[in-house]
Each structure stands twice: as structure tokens, then as C-alpha cells.
Amino acid sequence: MRVPDYISPVVAYRAWQLDANGLRSLSGQPWHPGRSLAAACRASVRGAAHDVHDAPQMTCTCGIYAAKSHADLRTAGYAGFGIHGEVYLWGTVVEHELGWRAQYACPKNFFLPLEMLPVSMSMLEPRLKALAAFGCDIHLIGRKGNMPLWVKGSGYELTALDLLVQRGKSWYAVRQEERRIKRGDRVAILGRGIALVEHVNDKHAHVLLWNRNVLRISRKEIVWDEQNMRWELNLLARLKANGKT
């Protein structure tokens, strides 16, 4: 959105949470692209002991909070939560030692700590789209410093985007290796119990049942159940597929 040019906004620093629901304050208040966030006194809305009033007020704690600098954000204990960035504050603004409480606010830019972002691109992509909808520059914070990820007017920067893609590929490669069935693993054979893998090759696995019977199973039939965190074989489905009951 466009901050009114007849008001000189205050530039401040704050933290947000970024999840599947979009951009939110740490308190859960949603921020929406294309419009400013307007403060409201929650105590007044809940019918607290004081009178209903516009936010912020000197005699209350209401308003949109932001720090004067990133150092002040760290001092206040918020720099380690979620993503952070600069915001424009305007309207009624109450100054404090480390920051302000404001009547209106909208994001100026975003800084994303790499370790706080989902590794999965399927989870990360909708979050990045939600941030880009604000029309603000987006930066990645990595081990080698900050780099632009999305720039207003030109879109995604390939260097940062490639970093995220390669990070996701590396994570999936490790996960795939962890999910490779091997000798000594346990397999839940549905309806028969737990079996132990005695031998495995590229095509088959030999598993030992509790009654000492050995089954020769195609590797393709043994699947990883993410919810139960185990290898499984649906023996009944296998027998039906082979025309047996």
C-alpha cells in the first residue's frame, strides 16, 4: 500500500510470524496486503475497567509496537522470533525508550532468517507469495550475510532463489537416504505383526516374522508411513493383488 505523502511516517523495526495462514503479529493479529493495520485497544473492546478510546493512549498499553532499531528489537527480546523487518508508523505515535506504539502501520521490508524458513519448497512457496503480495523488498539472512530475495519492480533474485532450491534438494537427499530400508530395520506387516529385515537388495527384502517364517517381499511393496514413522507392508492388499485371500 501507499503511505499518505502528507504525513511523515516513522520507520521502525518489528518481528512477525510467517506461517500457512500468512503474515501475523506475534500476538496472532493478521496483516493484510494492500491495507494498513489499524490499532485498537483490546482492553476497551473486552469491556475492561477503563473507558473506550482510540489507540494508542499515553495511559494505556494499546497500539502497534515497533522498536527504534534492530538493536532495540534484540534488547526487547523479539529479534529471535520469526521474521523481522522495517515498518512505517503514522497517525498517533507514542514514543518510549526502545520504540513506539502507533495508530497505523504497514511493512516497509522483510528480512528472513534462513534457519526459520521451511525447507520444503511446497511449504515455503506460498509463504513467499504471501510476503511478495505486500510489494516490499524481501531479504534472506544467511551465514554469509544478507542477500535480496524479492525486489519490488523486478521480482525474485535468482541467486537467493537458487540457494533456497538447493537447500531443499539437500534436505530431501538426506531424508531419502534416511528412508532407505536396510538390514536390521523393522517392518510392520499389517495383520501379522512386526518383522525384522534380514537381507535387502535393490529389488527385494527378506524379512523374518515372529514365528521364524521368512517372507521375500518386493521393495516397492514396503512403504514408509510418515504418521507412524515406520516401514509398513499391507499383506492383505498384497494377497488380493495375487488372487489369494
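Each value in this text was obtained by applying a stated rule to the coordinates, not by laboratory testing. Just so we're clear, the structure is a prediction, and the values are computed from it rather than from any experiment. Neighbour counts are summed over all protein chains in view; Cβ atoms, including those assigned to glycine, are modelled from backbone coordinates with ideal geometry.
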Computed P(r) (all Cα pairs; the chain; 10 Å bins; percent): 7, 23, 21, 14, 13, 12, 8, 2, 0
Estimated distance in nm for a label pair at Trp210 and Met123, the labels positioned 7 Å out from Cα along Cα-to-Cβ: 3.5
DSSP bridge pairs, segment 81-159: antiparallel proportion in percent, nearest 5: 75
Highest to lowest packing among 91-103, 136-148, scored as the average C-beta count within 10 Å: 91-103, 136-148
Helix 158-178 axis, angle to the chain major axis (alpha carbon atoms, nearest 10°): 30
Burial order of peptide ranges 63-69, 17-23 (average beta-carbon count within 10 Å, highest first): 63-69, 17-23
Two-site label geometry, Met147 and Val174: point separation in nm, points 7 Å out along Cα→Cβ: 1.9
Sequence-distant residues sharing a close amide H with His204 (under 5 Å, placed H): Arg219
Cα pair distances in segment 186-241, grouped into 5 Å bins until the bin that holds the longest one, percent each: 5, 20, 32, 28, 14, 1
For Trp31, residues with placed amide H under 5 Å, excluding near neighbours: Leu23, Arg24, Ser25
